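Derivation of every value follows stated rules applied to the coordinates shown; laboratory data play no part. Note that the coordinates shown come from a computational prediction; the quantities given were computed from them, not determined experimentally. We place every Cβ from the backbone using ideal geometry, glycine too, and count neighbours over all the protein chains shown.
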Amino acid sequence: MTYAILRQGGHQYRVAPGDVIQIEKIDVEKGQQIEMEDVLVLHDGSKLEIGSPRVEDTMVQAKVLRHGRGRKIVVFKKKRRKGYSKKQGHRQDFVEIKITGITHNGQPVGV
């Protein structure tokens, strides 16, 4: 099984061709193709390559499916016996992408 571990927006994702993931919001249009070069690990089915810190000449191609906002997270702070409480909500913006392929040295991996 071919997969790559990539770093995007401070998070690491294990992706394979055909996967649909949600990453932190980036400034791209819906339907646009993007390429992510920050690949940390590449496994092509037989060989494992670990970058230091990145695997050189490796890219993950993806197509933007939609933009959205995640579920609400409630942030509640309280100090007992002081009459202090504060309630806030937060919804994180995201971009949903579909991984279309992985290339290494200009060649598709796992096809």
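Tell me which residues, restricted to the stretch 74-111, are in a strand (DSSP E or B), of a type in the set (Lys, Arg) and under 23 Å from the mean Cα position of the chain (by Cα). Write out each step before concluding.
The initial filter retains those residues of the stretch 74-111 that are in a strand (DSSP E or B), namely 74-79, 84-90, 93-104, 107-108.
Okay, now just the ones that are also of a type in the set (Lys, Arg), so 77-79, 86-87, 98.
The one that is in a strand (DSSP E or B), of a type in the set (Lys, Arg) and under 23 Å from the mean Cα position of the chain (by Cα): Lys98.
In the stretch 21-49, how many residues are closer than 15 Å to Ile102 by Cβ and either within 11 Å of the chain's Cα centre (by Cα) or among the β-branched types (Val, Ile, Thr) (or both)? I'd like the intermediate steps shown before the answer.
Of the stretch 21-49, the ones closer than 15 Å to Ile102 by Cβ are 21, 33-49.
Checking which are either within 11 Å of the chain's Cα centre (by Cα) or among the β-branched types (Val, Ile, Thr) (or both) leaves us with 21, 34, 36, 38-39, 41.
So the count comes out to 6.
Results for (1) in a loop (DSSP other than H, G, I, E, B); (2) over 23 Å from Asn105 (Cβ atoms), shown as yes or no for each residue.
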residue	(1), (2)
Leu6	no, no
Pro17	yes, no
Pro53	yes, no
Glu56	yes, no
Ala62	no, no
Gly68	no, yes
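Can you confirm whether Arg81 is over 18 Å from Val109 (Cα atoms), out of contact with any Cys (no Cβ under 8 Å at 6 or more places or on another chain) and not small (Gly, Ala, Ser)?
yes
Close contacts from the stretch 14-28, counting a first residue that is over 17 Å from Val41 (Cα atoms) and a second that is aromatic (Phe, Trp, Tyr) and surrounded by 12 or more Cβ atoms within 10 Å (Cβ to Cβ), with Cβ to Cβ under 8 Å and a gap of 6+ residues or different chains, come to Ile21/Tyr13; Gln22/Phe94; Ile23/Tyr13; Ile23/Phe94; Glu24/Phe94; Lys25/Phe94.
Taken over the stretch 29-50, the criterion of being surrounded by 15 or more Cβ atoms within 10 Å (Cβ to Cβ) and part of a loop (DSSP other than H, G, I, E, B) is satisfied by Asp38 alone.
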